[in-house]
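What follows is calculated from the coordinates using simple rules that are stated; it is not laboratory data. This structure is a prediction, so every number in the text was calculated from the model and none was measured. Quick reminder, even Gly has a Cβ in these numbers, built from the backbone with ideal geometry, and neighbours come from all protein chains shown.
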2 protein chains.
Amino acid sequence: MREHFEALDQCAANFVPLSPISFLNRAADVFAGETAVVYGDQRRTWAETAARIRRVAGGLRAKGIGLGDTVSVIAPNIPELFELHYAVPLTGGVLGAINTRLEPETIGYILEHSDSKLVIVDTELRALVDAAMAGAGLALEVIEIADTGPAPTGATYDDLATSKPLTEEGLPADEWQAIAINYTSGTSGRPKGVVYHHRGAYMMAMGTAAAWPLSYGASYLSVVPMFHCNGWCHPWATPINGAKMVFTRVPEPARLFEAIAQEKVTHFGAAPVVLQMMAESDLAPSAPFDPPINVFTAGAPPPPAILEKTAAMGMEVMHVYGLTETYGHISQCIPQSNWAGLDAAGEAEARARQGVAFPMVEPVEVVDREADAPVPRDAETQGEIAIRGNTVMKGYYKNPEATAEAFKGGKFWSGDAAVMHDDAYVKIKDRLKDVIISGGENVSSVEVEGMLYRHPDVQTAAVVAEPHEKWGEVPCAFVELREGATASEDDIMTFCKERLAGFKAPKRVVFTDIPKTSTGKIQKFKLREMLGA
Amino acid sequence: MREHFEALDQCAANFVPLSPISFLNRAADVFAGETAVVYGDQRRTWAETAARIRRVAGGLRAKGIGLGDTVSVIAPNIPELFELHYAVPLTGGVLGAINTRLEPETIGYILEHSDSKLVIVDTELRALVDAAMAGAGLALEVIEIADTGPAPTGATYDDLATSKPLTEEGLPADEWQAIAINYTSGTSGRPKGVVYHHRGAYMMAMGTAAAWPLSYGASYLSVVPMFHCNGWCHPWATPINGAKMVFTRVPEPARLFEAIAQEKVTHFGAAPVVLQMMAESDLAPSAPFDPPINVFTAGAPPPPAILEKTAAMGMEVMHVYGLTETYGHISQCIPQSNWAGLDAAGEAEARARQGVAFPMVEPVEVVDREADAPVPRDAETQGEIAIRGNTVMKGYYKNPEATAEAFKGGKFWSGDAAVMHDDAYVKIKDRLKDVIISGGENVSSVEVEGMLYRHPDVQTAAVVAEPHEKWGEVPCAFVELREGATASEDDIMTFCKERLAGFKAPKRVVFTDIPKTSTGKIQKFKLREMLGA
């Protein structure tokens, strides 16, 4: 009877706020003697790692860091940044991992906008931070991590790591509490501060452990930068089944292959461009990895050529999709048992889709915003990807307008134009703002770029709309050729015309260095400027 | 800054109540064409299963089932009981899966106490339910499932399954809402109604998928009865990675081995007694299962002999521990990498422990209740197992006193006496009330029973305290011998004396049929009555 069921209340025994801190506390006991962290000569067990994190948290607490205080970190993928994923939240603080490749002006903006109380920086990046603070008129306390860079000049991370440890359990009072803030790349306007909460970080980690899966004995290579969606939240997932996290600081093929061999790597996540680098490296091992390595890739659909090469190398590549606002991956291209019947091209096409929702989110929909209804599953009708779930951000920091806009109607609107296939798999056609409308037909810049990448001479390609008297817009291709390649504009245009509908084929090809953000994202707005669009 | 982080509110986009219904909704799309259910000639995909469940839910709704209404089910492990794990919660109702082996009087008590609005029963068990209702003076509406029993005489489950489907998403408004009620076995006094909530069921399923793990392509054999902790919540875990659930109705070795072979079973959960039956069956295959089958076992520590036999059969047995109040398993005996150095006996001993917490709960502690502190990790000092976490029950239905007692001090008190090893692994010594105190020394009845089971002639053993003038209490053993075995009381006593401390060895051995509950639990109170204790 309803009232009797409802009379049973929450108490400390049966309700615990969801937080990845639980995973660390548990791993300190459950996987006490198993290896947690490997970096060069450093090897630490989960017990040692947890103890170290608690000392760092104690040091941060002693510096006054507490509930709702932002601690910014500027460092490559090294153990310290991993440790701070727990040490900062243990104090009640909010981790702000800042992209190391940003220009000083943007870093200054982020430090100021995020109300950072403290900055922790790898000494190689100290000058960058100093410039950023000088530009923004900030004088924040700085703590230096000594790794490969110059000797520290002031307070150091090692001081933190030798502090009196924080001993309380460290769970938040409320699972809705902020745990991290990650700034968008700001392809249009100022970057926005995306706030994550403990509940979402917990669900992201648990869902990833369950559905990648990241199981016992996993050896995880840290490639995806931890300043991107907190490394897709993988640092919070590794303690669940006691995985080992292997660091190389820099994602160079030489270091990655060495780490894979030495630490018997079983899992990593990386952008397609890193997979391409690995696949085309002279250092790639001659025999495929055995057992195969499980790889998440995201950021762009992996071109079929890369899928083929990585499969030959012994990588099980799973294409995943997500945004900073969704803590990283929220859909994955799970291979279905009936794909066994597909030929290589068909399978590559199936695998390059954005796929289906992870178990920790609700269905990932493709919605016709005007009709406020899902598009038909016809692989043709475009709509916008909309997401609902517990791994959608708390909101944009100090930006209620953008937050309200993003959550209009109770869904998070991704800004990605996509179609829905009949098997419920999503395929992105384009960023909404990158769709080219030519003679009333939608042209997906992604589709045209995919075709350009099939040309053996093309290294990098980007397609944008060029104004056109008759058709309104036409596709214009920007291309970087491979070293020594000689393809002409005609060659490329003909290659496309033979393989694409006429209205999709580029009407112009520009050979140039393609402008990219510090994170490697192509800046299409600069290309449009070049066209006077 | 705290106030800016706290200003970001929950909305439909970023907060979804945790419920296993999400997993079903997702599997209907993501694993639409993959097999969900196999039973005899029945084979259904996840799309078909979800559609069927939605029709059953529609039928229940049409019968007036809604928020907080208990629907009781009395059936063996067949697809209908699995479907009701979703269909009842979809209506907002609460599933009450009742043990089919209970006597009519207890079933009558449960139907009445749980405020059941409807009873769904397998026709083989119709007479039992009629007797239960007659005894309790109840006249509830009954719906019959036609399987192997007589033809139905009234409303049937097939009627439900052809109803107009329930189309709304079906998530609860509040994740704290009740989803199921499971009655304890009531070894002392009336059974208590343990209430589960959606959040706990979700976390139990996700944690099990992550940490068993129950991954893609899993073929799960339904052995553990779904009326025990909802089959350890496995029915809510299978859709996460699209596992197939295989039913045999009855857990006979013949049917189990057949199903394992036909459906390439990869996972199941079962009590040690079922594993013993399988290991000793003539029908056991001569070659070990390849790949090995992942098995959860619980209910009693698996004796080393069983672990050896099942390992030889190609079963990876993971000992798990839990109670009805914790939704089933909350600790697991995860093998550590350094166990590779143990000999067979050492490994069996390590593996027979109750182990460490699952990732969805907080640390499982062994607490000295008087000192209100964890016992030292010396493998000697006894305390009581106490648990805190999101998979601890909502409480006992209509029993605030028992609920308050169980949750005293913000922990759930298991009633199990245990020690903590230095590797943080828990080992149960006894039910608190079964500890024998002889000459001031604690004797674990479980330990003595474990020794008795090592005797080749012993089929079943139970040890209880017998009053003694000098020592206060001494251990008395009750033994069922194997068929054709001839061991004498002296043989058994000598066997124990040679292997146990003197105060632990039984001072008397009684050969008898050991009384058990309908669920197979040994009724030690009856043994004590036989001794006049």
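Points to keep in mind about this one:
- Three principal axis extents of region B:435-530 based on alpha-carbon atoms, in descending order, are 37, 31, 19 Å.
- Normalised size of region A:362-431, defined as Cα radius of gyration per 2.2 N^0.38 Å with N residues, equals 1.13.
- For B:Glu80, neighbours were defined as the other residues whose beta-carbon sits under 9 Å from its Cβ, and their charges (Lys and Arg +1, Asp and Glu -1) total -3.
- In the assembly of identical copies, A:Met493 has its label point, taken 7 Å from Cα in the direction of the beta carbon, separated from the corresponding points by 10.5 nm (ascending, one decimal).
- Dipole magnitude for region A:362-431: about 420 debye, using +1 per Lys or Arg Cβ and -1 per Asp or Glu Cβ, origin at the Cα centre.
- In terms of its alpha-carbon gyration tensor, region B:417-479 comes out oblate; a/c meets the 1.5 threshold, while b/c is at least as large as a/b.
- Among B:34-40, A:155-161, the order from most to least packed when residues are scored by Cβ within 10 Å on average: B:34-40, A:155-161
- Projected area, mean over directions - the protein assembly as shown, Cα convex hull, nm²: 44.6
- This model, with +1 at the C-beta of Lys and Arg and -1 at the C-beta of Asp and Glu, gives region B:435-530 a dipole about its Cα centre of some 260 debye.
- Net charge in the neighbourhood of B:Ala485 (other residues with Cβ under 11 Å of its Cβ; Lys, Arg +1, Asp, Glu -1) is -3.
- Cβ-based charge dipole, region B:21-269, positive-most Cα from B:Ala139, B:Ala57, B:His234: B:His234
- Signed unit charges on C-beta, dipole axis of the protein assembly as shown, positive-most listed residue B:Ser414, B:Gly355, B:Asn294: B:Ser414
- ³J(HN,Hα) computed for each position of region B:229-240 - Karplus, 6.51 cos²θ - 1.76 cosθ + 1.60, integer Hz, glycine/proline x: 6, 6, x, 6, 6, 4, x, 8, 8, 4, x, 4
- Sum of side-chain charges, B:Pro165 neighbourhood, beta-carbon under 12 Å (Lys, Arg +1; Asp, Glu -1): +4
- For chain A, the equivalent ellipsoid built from the Cα gyration tensor has semi-axes of 38, 27, 25 Å, listed from largest to smallest.
- Restriction of the GluC sites (Glu not before Pro) in region A:232-314 to DSSP coil positions whose beta-carbon has at most 13 other beta-carbons within 10 angstrom yields A:Glu280.
- Rounded, prolate or oblate (a/c below 1.5 giving rounded, otherwise prolate when a/b exceeds b/c) for region B:188-242 by Cα gyration tensor: prolate
- For the peptide B:201-211, the mean number of other protein chain Cβ atoms found within 10 angstrom of a residue's Cβ is 5.
- For q = 0.19, 0.20 Å⁻¹, Debye-computed log10 I/I(0) when each Cα of region B:36-104 counts as one equal scatterer: -0.77, -0.83
- Computed from Cα atoms, the angle from the helix B:21-30 axis to the main principal axis of chain B rounds to 70 degrees.
- Axis-nearest residue in chain B [Cβ, rotation onto A], distance in whole Å: B:Ala210, 2
- Angle in degrees between helix B:253-263 and the longest Cα principal axis of chain B, rounded to the nearest 10: 50
- Across identical copies of the chain, B:Lys164 has label-point separations of 6.9 nm, listed in ascending order, with the point defined 7 angstrom from Cα along Cα→Cβ.
- Kirkwood-Stokes translational diffusion coefficient of region A:308-434, alpha-carbon pairs, 25 °C, 0.890 mPa s, µm²/s: 158
- Distances in nm from B:Asn442 to the matching label points in the other copies, shortest first (labels 7 Å along Cα to Cβ): 6.8
- For region B:425-497, the list of GluC sites (Glu not before Pro) that fall in a loop by DSSP and count at most 12 other C-beta atoms within 10 angstrom reads B:Glu469, B:Glu483.
- Anisotropy class of region B:21-269 from Cα gyration tensor, a/c 1.5 cut: rounded
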